[in-house]
Amino acid sequence: MLRYIVTRTGSLCLSLLVASVVIFALIEVVPGDPVAFMLGLNAQPDTVAALREELGLNASVLERYFSWVFGLLQGDLGTSYTYRSPVSEIVAERLVISLPLAAYALALTILIAFPAGILPAAYRGRAADVAVMGGTQLGVAIPNFWFAMIMVMIFAINLRWFSAGGFPGWEAGFFPAMKALTLPAIALALPQASILARVMRSALLDTLGSDYIRTARAKGLTKGQALRRHALRNALIPVLTILGLQFSFLLAGAIIIENVFFLPGLGRLIFQAISQRDLIVVESVVMLLVFAVIFVNFIVDLAYAWVDPRLRVQT
Amino acid sequence: MSVLQIENLSLAIHGARILRHISLSIGPGEIHGLIGESGSGKSMTALAVMQLLPEGAEASGAVSLAGQSVVTLRDADMCTLRGATVGMVFQEPMTALNPLLNIGQQVAEVIALHDNLSRSKAFVRAAEVLERCELPRDQFPLTRYPHELSGGQRQRVVIAMAIAMKPKLLIADEPTTALDVTTQAEILKLIKRLADEDEMAVLLITHDLAVVTGLADDISIMRNGEIVEQGKGAMLHRTMTHPYTKALFSASGHQPERAQAGQDRALLSVENVTCSYALPRKTLLQVPERFIAVNDVSFELHQGESLGLVGESGCGKSTLTRAILGLEPLQSGTVRLDGAEMTGTADDLALRRKMQVVFQDPYSSFNPRHKVDRLIAEPFHLLGRTARMDEIDEALVSVGLSPTDKEKYIHEFSGGQRQRIAIARALIIRPELIILDEAVTALDVSIRAQILDLLADLSEQFSLSYLFISHDLSVVRRVTDRVLVMRAGRIVETGETEQVFTNPQNPYTRKLIAAVPQLSDA
Amino acid sequence: MRNLILGFALTALFLIGAALSFLWTPYDHTVLEVTNKLKPPTLAHPFGTDQLGRDILSMIMVGARTSIAVAIVAVGIGIGLGVPLGLAAAASRGSWIDEVIMRGNDLIFAFPSLLIAIMITAVFGPSAVNAIIAIGIFNIPVFARVTRGAALSIWQQDYILAARVAGKGTMRISVEHILPNIANLLIVQGTIQFSLGILAEAALSYVGLGAQPPVPSWGRMLADSQTLFMIAPHITLFPGCAIVLTVLGLNLAGDGLRDLLDPRIRRAGL
């Protein structure tokens, strides 16, 4: 078990290292002088020189890479040129929206997908199976941002149950804040839940056809008992894999959905940064998101070992 | 009163007739052998008793279990019988256990389910049951997971689950087919002992006549969903009347007519060959240990000879086969073919045309996307040219197929026909040596007999030599001149086949031969 | 089977619409007619007009070209690089080559298309090519994984041993025996990635990282409609339905093909 954790941790660090090199290198290939790029064509030479100095661009590539990475390790994401304040502070302000949104959507995804995957597998070929599978087929095909717009049209404009966008802030209280995140979270969760439900169903059908389910039935377990006690946990292995991958889709989706609902989260920050050519912010936020994805997949790897004793011994 | 009484059982799945008018009965403590080739309906008979039939199955007739009719029983009521009144053991011990639960949990589950015991009491009982199945607690604690056990040990766990509630009937569906011959003997002994101790009736399903003749009180022979013959176990070979039973008996002991052994010229010589694999590292910096699969093996195969290589799974015979074929790097030693050394480089291609191979599984031996002519012409790659039409036709004819078969795809052929095509592929470039790697193991006995005859004919016709690799000692005994016995990477005994079988010198060989089930010949 | 027919019908509708737009559209999609803006569906404009008075049906037909072009090239990148990598990884299973390829794959999975597009746009400015590259890069590990997984099980088959006994090399075996036997799987995965490509292109164009004006694209039509859909819902509904029906059609066709070609294949990627 310990060895498994150690190797997984090693691979986590390696992935982060390579990802940081890739992101840094991509920003490095900006054609021409990045400062001129950021300031535009009409910049004064002394402004350019000052910004170069401020950003430490006069140092060598290696020095800059290491100072960026060591900064990241200490929680220093650099200083935004346009906001004139540390990126870490800006990001922290935005994270209090983006992180709860992603967690809310993830929770909804699981809450919807598990029953929606188990039910059709248990009643294969019956009405429930056909209905849920048809629904998920549609759910997979709907772009989440369009779904969000439709929901705004129905629930905010016609029914007036929710506001069409914006965020009151956590100061306004937990429930008003969560209410503002509800439509965005549903828009994010439904397509992913559809995918996960389909994976869950096919994984369950696979395990229900395996020999040990027949053994369980021969022991006198009912179909339901065999499903609960033996099939579910085995089906969890492929489901975990997909769930890990989906986290990155939820994060990416959140960037778009924040735009639909005018939520001042990381997504909005990144698009503002792009239009203002604030490369420092883009670089750091992308690195942060990639870190989140890699870290979640690390957690998923550990979860495998919890589910599957074959991994615990050693591989 | 009989424990299991089947009367006039017929079964159709989605309209296709699977079973016709099956009747049999088993009394307490009796072992009933149900024998048939693949597709004869023997497993479906077992599933009908368990009421675990696939969807779309319609059964008629009567099945009564300890006096209770099960055909019309609701599933909820049947669940109280399964595991308690009737237990079942399946063929594949590797997949029959849930990989995520330890053996204690899996055995205790059946006890807790039927006896309403507390968790801790169920575990105490589970330990006792496993002990009865010869898995002592100090070596096999309840916390072991299936992947930590061998096939034979897993099968003992499955048996423990089946007999935990002391059922009146045990159904064992090919319980030893996936196991080595020595393990098979132990498992059969265990089932026999449990049947005697608990006065338990056993329905033992198998394709292997030899497995049941010494063990079963009664035997039923099945074919195409019907029981064609029933009789007393020890007497059946004398009382049998049905032609299929007779054919089955004669095919099981079939002895192909073979010419005598060839000359003294060594066609293949294996000298001090060692092959090993790197094992996964224990720690990151340590040099990985190596597992020695083939350890300093030397032997010679003479021109025109049929040489047997026997051993149980994991003994290294597959690695040795691949090493001879030049598919496995040698750590040390040499392989010579007709005097020339195989170097493991492209120069070997000219040498390798003297040697071809036939594999075990007729279903995975052919690329399903290619037609037969392309399939059997593949070895011409060694000659650097394509096959002529007449060469393909000739190869097909010589294995008893028709030249028109070359336009077909492989899925159009049965298992036995596929093995003929595999032989045609091996034969087409006229090699001197054909390696038969478990080449008849996957075939039903009647088909097996035909293929063995074909091999004997071809050997004479094309003066072929065979290296016959198998775990099935009874077949090796009938078709080889000399035999090598392999264990844990080494050859432990070599000699004339009859000599080795009648007078084995090595203790392992003796154990191996003693474990082979014999058709009782009185 | 019913699904397959429905899927093919929807896919054909979308392909025909795109092809037809080269020859004929009801109106010229570049002509602005501001006096005629935001008109609800009528006989003259079956899908209505947008905020600049352009015919929405014509826009959708031309927009389909963008979706197809981006998605096809992105799938092409995925197959062109992913399949050889997957074959190489399977052929050298367990070696460092396999390890490097698979770890590289895992790494790309940490960069959703959107993040790649964000980085490229931040550096080079927005364009449809960004969308193609971003989606294409993300397709590489998908195809590499599917290929490797399927190829590994084929490498276990005895006919591969037979080919090796016939002296054939790794490359030749990969092309002659492995590739034809995983082609079905790749076709099915290709259909699925094609539909995902269309979704991703729409999302990227929606946030302004994809096709730029004046090239019409479904995603941007939705972005343009965002401030107006309260007063003219049709400008949101029709492009959105075009996306949903196309993706649905491709998914149904993919599932149907999978069942038809090989019932054992499971939906592997995302």
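Details
- Hits in the range B:129-145 - residues which are assigned to a loop (DSSP other than H, G, I, E, B) and buried (at least 20 other Cβ atoms within 10 Å of the Cβ): B:C133, B:L135, B:F140, B:Y145
- Residues located in the range A:140-196, provided they are in a loop (DSSP other than H, G, I, E, B) and at pLDDT 90 or above: A:I142, A:P143
- Verdict on B:L436 being modelled with pLDDT of 90 or more, crowded, with 17+ Cβ neighbours inside 10 Å and touching a Leu at 6+ places or on another chain (Cβ under 9 Å): yes
- Selection from the range A:274-286 of residues that are outside any loop (DSSP other than H, G, I, E, B) and more than 10 Å from every other protein chain (Cβ to nearest Cβ): A:I280, A:S284
- Condition broken by B:L375, with the remaining ones in (1) surrounded by 15 or more Cβ atoms within 10 Å (Cβ to Cβ); (2) at pLDDT below 90; (3) at the interface with another protein chain (Cβ under 9 Å from one of its Cβ atoms); (4) on the phi < 0 side of the Ramachandran plot satisfied: (2)
- For beta carbons closer than 7 Å, sequence separation of 6+ or different chains, a first residue in the range B:379-393 that is at the interface with chain C (Cβ under 8 Å from one of its Cβ atoms) and a second that is assigned to a helix (DSSP H, G or I), the qualifying pairs are B:P379/B:R425; B:L382/B:L349; B:L382/B:R352.
- Residue within the range A:229-240 that is in a helix (DSSP H, G or I), away from chain B (no Cβ under 14 Å) and more than 30 Å from B:L53 (Cβ to Cβ) present: no
- Residues (exposed (fewer than 13 other Cβ atoms within 10 Å of the Cβ), under 23 Å from the mean Cα position of the chain (by Cα) and at the interface with another protein chain (Cβ under 10 Å from one of its Cβ atoms)) located in the range A:1-13: A:G10
A quick yes/no check of all residues on (1) closer than 23 Å to A:N297 by Cβ; (2) surrounded by fewer than 22 Cβ atoms within 10 Å (Cβ to Cβ):
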site: A:S202; (1), (2): yes, yes
site: A:L205; (1), (2): no, yes
site: A:L208; (1), (2): no, yes
site: A:I213; (1), (2): no, yes
site: A:R217; (1), (2): no, no
site: A:L221; (1), (2): no, no
site: A:Q225; (1), (2): no, yes
site: A:H230; (1), (2): no, no
site: A:T241; (1), (2): yes, yes
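- Any chance B:A126 is more than 12 Å from every other protein chain (Cβ to nearest Cβ), surrounded by 15 or more Cβ atoms within 10 Å (Cβ to Cβ), on the phi > 0 side of the Ramachandran plot and aliphatic (A, V, I, L, M): no
- Qualifying residue in the range B:7-15 (condition: under 28 Å from the mean Cα position of the chain (by Cα), of a type outside the set (D, E, K, R) and assigned to a strand (DSSP E or B)): yes
- Against the criterion of being out of contact with any strand residue (DSSP E or B) (no Cβ under 7 Å at 6 or more places or on another chain), surrounded by fewer than 24 Cβ atoms within 10 Å (Cβ to Cβ) and among the hydroxyl-bearing types (S, T, Y), B:T95 qualifies.
- With a requirement of 2 or more residues that are among the small types (G, A, S), the helices (runs of 4 or more DSSP H) lying completely within the range B:331-448 that satisfy it span B:389-398, B:415-427.
- Among (1) at pLDDT 85 or above; (2) under 28 Å from B:R478 (Cβ atoms); (3) part of a helix (DSSP H, G or I); (4) out of contact with any Pro (no Cβ under 8 Å at 6 or more places or on another chain) - the single one B:I191 does not satisfy: (4)
- Tally of residues being farther than 19 Å from B:G83 by Cα and either touching a strand residue (DSSP E or B) at 6+ places or on another chain (Cβ under 9 Å) or not in a helix (DSSP H, G or I) (or both) across the range B:100-128: 1
- Any chance B:G225 is closer than 30 Å to B:G87 by Cβ and among the small types (G, A, S): yes
- Of the numbered criteria (1) under 27 Å from C:W155 (Cα atoms); (2) surrounded by 14 or more Cβ atoms within 10 Å (Cβ to Cβ); (3) modelled with pLDDT of 90 or more, the one B:V399 fails is (1).
- Elements of the type helices (runs of 4 or more DSSP H) sitting completely within the range B:454-522 and holding at least 1 residues that are within 20 Å of B:G304 (Cβ to Cβ): these cover B:473-479, B:497-502.
- In the range B:105-123, the qualifying residues are those that are more than 9 Å from chain A (Cβ to nearest Cβ) and in contact (Cβ under 8 Å) with a residue 40 or more places away in the chain, and the one that is nearest to B:R144 (Cα to Cα) is B:V107.
- The range A:259-273, subset facing chain C (nearest Cβ under 10 Å), surrounded by 23 or more Cβ atoms within 10 Å (Cβ to Cβ) and within 22 Å of C:V123 (Cβ to Cβ), residue farthest from the chain's Cα centre (by Cα): A:A273
- Residue check for B:V202: buried (at least 17 other Cβ atoms within 10 Å of the Cβ) and at pLDDT below 90: no
- Yes/no for B:K166 being at pLDDT 90 or above, farther than 30 Å from B:V475 by Cβ, of a type in the set (D, E, K, R) and in a helix (DSSP H, G or I): no
- Counted residues, the range C:102-133 - those being away from chain A (no Cβ under 11 Å), of a type in the set (V, I, T) and crowded, with 23+ Cβ neighbours inside 10 Å: 1
- A count restricted to the range C:147-164 and to residues that are polar (S, T, N, Q), in contact with a helix residue (DSSP H, G or I) (Cβ under 6 Å, 6 or more places away or on another chain) and within 22 Å of B:P379 (Cα to Cα) stands at 0.
- Criterion violated by A:F66 - all others in (1) modelled with pLDDT of 80 or more; (2) in contact with a helix residue (DSSP H, G or I) (Cβ under 8 Å, 6 or more places away or on another chain) satisfied: (2)
- Elements of the type helices (runs of 4 or more DSSP H) sitting completely within the range C:155-270 and holding at least 1 residues that are among the aliphatic types (A, V, I, L, M), within 18 Å of the chain's Cα centre (by Cα) and buried (at least 24 other Cβ atoms within 10 Å of the Cβ): these cover C:179-206, C:234-261.
- The residues listed here are B:L81, B:L34, B:L101; of these, the one that is surrounded by 16 or more Cβ atoms within 10 Å (Cβ to Cβ), within 25 Å of the chain's Cα centre (by Cα), modelled with pLDDT of 90 or more and of a type outside the set (S, T, Y) is B:L34.
- Residue within the range A:243-251 that is in contact (Cβ under 8 Å) with a residue 60 or more places away in the chain, away from chain C (no Cβ under 12 Å), within 20 Å of C:V207 (Cα to Cα) and buried (at least 24 other Cβ atoms within 10 Å of the Cβ) present: no
The values are calculated or read from the model by the stated rules, or taken from the named source; none is laboratory data. This structure is a prediction, so every number in the text was calculated from the model and none was measured. Here the Cβ is made from the backbone with ideal geometry for all residues, glycine too, and neighbour counts use every protein chain on show.
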